[in-house]
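Take a look at the structure set out below.
The values are calculated or read from the model by the stated rules, or taken from the named source; none is laboratory data. Fair warning: this is a prediction, and the values are worked out from it, not measured in the lab. Here the Cβ is made from the backbone with ideal geometry for all residues, glycine too, and neighbour counts use every protein chain on show.
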Amino acid sequence: EAKRQGGGRALFFAPDMESETRDLAALRLDLRRAIEQHGRGELSLHYQPKVRASDGHVTGVEALLRWHHPERGPISPLVFIELAERFGLIEALGDWVIDEACLQMAHWRTQGLALRVAVNLSMHQLRRPGLVAHVQQALRRHGLPPEQLMFEITESAAMTHIDTTLRVFAELARLGTELSIDDFGTGYSSLSYLRRLPASQLKIDRSFVKDLDSSADARAIVEAVVRLAHALGLAVVAEGVETEAQREQLRALQCDELQGFLYSRPVPPDTLSAWAIEGGGPALLRFDPPSARP
Ligand code: C2E
Ligand code: MG
Ligand code: MG
Ligand code: MG
């Protein structure tokens, strides 16, 4: 049952150390193969819309990595990204995600869809010397305006190696990409550092959104975070919005954008463009009409 619930989680239930080591070694080879031979299609990006709280218009999408293992089935990114970091594969994996997201943005642009795409970055990726050069190359190769690309870095990752974060954020901001601080409220932000980060967006962690209905504390925290973010000139996104009640509360609390299963799950790119171009899709999503020439 562990397998069904958590994808790759079964791997941690190996009965003894020896078989766990064997399991990990096998998985390492599998992941390397999935990255190097990405034409096999085991890796893919799904995209989840972010919408404007006031009218449900899609303001952009977040790219979320998927790995469909040939025998184990889907494995959660929380599991295999950590493995990639342990195995020294995160650079190659992260580079693939950036390339794939840019390729998709370019493809959408030929369809008249200028969707802003947010790519998640781990701390390991942030500390990698070639990151900014790689991003710049990917943008150039696909002829993309940098401001259409956004990066999400979790608050805890951003604050762990603050000097690296400040430097890399500054370089990415100079390139012209947008920056977002993910899962806010779960790390330990130094407010003076937060002020110095050239980010434009802050995402309130799902745990606070989940408890909005039941907890006055959660409401107070969201309210305070929104005020803080706005005072610092950051737009606020709430993640993990699942119910209409949460949506109404978040609107009342002046959240700028909402994201969650209430609007849409992460979906394959063709599903998203079909909704945007042909109409249809979840009832609450609104797309601006595609422009003839992006
Ligand atoms: P995240 O960046 O905070 O992404 C949000 C996660 O919450 C996603 O899980 C998404 O599918 C899920 N989610 C969205 N709306 C809802 C909702 O309404 N309810 C609930 N219960 N869940 C919701 P996912 O796709 O499993 O990704 C998990 C984490 O893995 C991400 O958290 C991110 O930290 C990491 N990740 C995913 N893709 C990448 C990637 O390409 N690179 C890196 N470095 N990390 C990634
Ligand atoms: Mg994210
Ligand atoms: Mg998040
Ligand atoms: Mg999260």
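List of remarks:
- Listed by first and then second residue, the pairs with beta-carbon distance under 8 Å, at least 6 apart or on different chains, first residue in the range 75-91 and aromatic (Phe, Trp, Tyr), second surrounded by fewer than 17 Cβ atoms within 10 Å (Cβ to Cβ) and not in a loop (DSSP other than H, G, I, E, B), are 87/28; 87/32.
- Of all residues in the range 116-148, those being out of contact with any Gly (no Cβ under 6 Å at 6 or more places or on another chain) and away from ligand 1 (no atom under 13 Å from the Cβ) number 17.
- Within the range 1-98, strands (runs of 3 or more DSSP E) holding 1 or more residues that are in contact with a Pro (Cβ under 8 Å, 6 or more places away or on another chain) and either at pLDDT 90 or above or aliphatic (A, V, I, L, M) (or both): 43-52, 58-69
- Subset of the range 253-265 [closer than 18 Å to residue 202 by Cβ and surrounded by fewer than 19 Cβ atoms within 10 Å (Cβ to Cβ)]: 254
Residue by residue, here is whether (1) part of a helix (DSSP H, G or I); (2) away from ligand 2 (no atom under 16 Å from the Cβ) holds:
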position: 101; (1), (2): yes, no
position: 120; (1), (2): no, no
position: 124; (1), (2): yes, no
position: 129; (1), (2): no, yes
position: 181; (1), (2): no, no
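- Criterion: within 16 Å of ligand 2 (Cβ to nearest atom) and either assigned to a helix (DSSP H, G or I) or crowded, with 22+ Cβ neighbours inside 10 Å (or both) - qualifying residue of 199, 173: 199
- Being surrounded by fewer than 19 Cβ atoms within 10 Å (Cβ to Cβ), under 21 Å from residue 237 (Cα atoms), of a type outside the set (Val, Ile, Thr) and modelled with pLDDT of 95 or more is not true of residue 107.
- Any hit, the range 215-231, residues being part of a loop (DSSP other than H, G, I, E, B), away from ligand 1 (no atom under 16 Å from the Cβ) and among the hydroxyl-bearing types (Ser, Thr, Tyr): yes
- Residue in the range 207-224 that is more than 17 Å from residue 239 (Cα to Cα) and within 14 Å of ligand 2 (Cβ to nearest atom) present: no
- Pair list, Cβ < 8 Å and 6+ apart or interchain, from the range 260-276 residues that are of a type in the set (S, T, N, Q) to residues that are within 16 Å of ligand 3 (Cβ to nearest atom): 264/48; 264/49
- Residues considered: 158, 216, 133, 231. Of these, the only one that is buried (at least 22 other Cβ atoms within 10 Å of the Cβ) and either out of contact with any His (no Cβ under 8 Å at 6 or more places or on another chain) or not β-branched (Val, Ile, Thr) (or both) is 158.
- Out of 237, 241, one residue alone is outside any strand (DSSP E or B) and in contact with a strand residue (DSSP E or B) (Cβ under 6 Å, 6 or more places away or on another chain). It is 241.
- Here residue 222 fits the description: within 16 Å of ligand 3 (Cβ to nearest atom) and touching a helix residue (DSSP H, G or I) at 6+ places or on another chain (Cβ under 9 Å).
- Matching entry among 188, 193 (being of a type in the set (Phe, Trp, Tyr), farther than 22 Å from residue 78 by Cβ and surrounded by fewer than 17 Cβ atoms within 10 Å (Cβ to Cβ)): 193
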